[in-house]
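First up is the structure itself, then whatever we jot down about it.
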């Protein structure tokens, strides 16, 4: 089954000044969202493999949209995350089916490598609901400068029979990070942690 996409939305957040200090280069985060029809809205479905296949399709599509929006090459991506909002005729497990089994592999391809787990969040919502997409460094989960989030919202979604699926990618960490820990220059990228 392929996703029935009603709408794609891509947003880029660029911070140039923080606390009166110029950020050079600016920190940039992109979030790409797909508003899709939920094929199982309003009914219980034991086998959620169709949603898993949709997750695989959207992982690559949305990851590529983020990389393009940032104007970077895949290897320049630093952080990633994923999230989904299920409309009221669906269930939370529909978001889990999209996000967890298969979305990660094509997203990792879109950002080149990605040894770390992809942070995620999911919720039930109505039209205009927002969700924070958690972010973490794509190759090393312990890089504190990249612990962040970006809000995802589509003004007319999700409708009762829809799911908003969001993928976020950055080309940097937070502006002015200074809480210590592993730096991106110290990453080995072997185990997804360090």
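The values are calculated or read from the model by the stated rules, or taken from the named source; none is laboratory data. As the structure is a computational prediction, the values presented were derived from the model and not from experiment. Glycine also receives a Cβ, built like all others from the backbone with ideal geometry; neighbour counts cover every protein chain displayed.
Structure notes:
- Any hit, segment 122-136, residues being over 26 Å from residue 45 (Cβ atoms) and touching a helix residue (DSSP H, G or I) at 6+ places or on another chain (Cβ under 8 Å): yes
- Condition check for residue 138: surrounded by fewer than 16 Cβ atoms within 10 Å (Cβ to Cβ), in contact (Cβ under 8 Å) with a residue 40 or more places away in the chain and closer than 14 Å to residue 80 by Cα: no
- Near pairs, Cβ below 6 angstrom, 6+ apart or cross-chain, from segment 70-86 (on the phi < 0 side of the Ramachandran plot and in a helix (DSSP H, G or I)) to any residue that is buried (at least 16 other Cβ atoms within 10 Å of the Cβ) and modelled with pLDDT of 95 or more: 70/28; 70/30; 70/171; 74/67; 74/111; 76/171
- When the residues of segment 4-46 are filtered to those that are without any contact (Cβ under 8 Å) to a residue 60 or more places away in the chain and in a loop (DSSP other than H, G, I, E, B), the one that is surrounded by the most Cβ atoms within 10 Å (Cβ to Cβ) is 40.
- The condition (being surrounded by fewer than 24 Cβ atoms within 10 Å (Cβ to Cβ), in contact with a strand residue (DSSP E or B) (Cβ under 8 Å, 6 or more places away or on another chain) and within 21 Å of residue 128 (Cα to Cα)) is satisfied by just one residue among 84, 96: 96.
- Within segment 119-142, considering residues that are closer than 15 Å to residue 29 by Cβ and part of a loop (DSSP other than H, G, I, E, B), the one nearest to the chain's Cα centre (by Cα): 119
- Residue in segment 47-55 that is surrounded by fewer than 20 Cβ atoms within 10 Å (Cβ to Cβ) and in contact with a strand residue (DSSP E or B) (Cβ under 7 Å, 6 or more places away or on another chain) present: no
- Residues located in segment 97-109, provided they are within 19 Å of residue 2 (Cα to Cα) and outside any loop (DSSP other than H, G, I, E, B): 97, 98, 99, 104, 105, 106, 107
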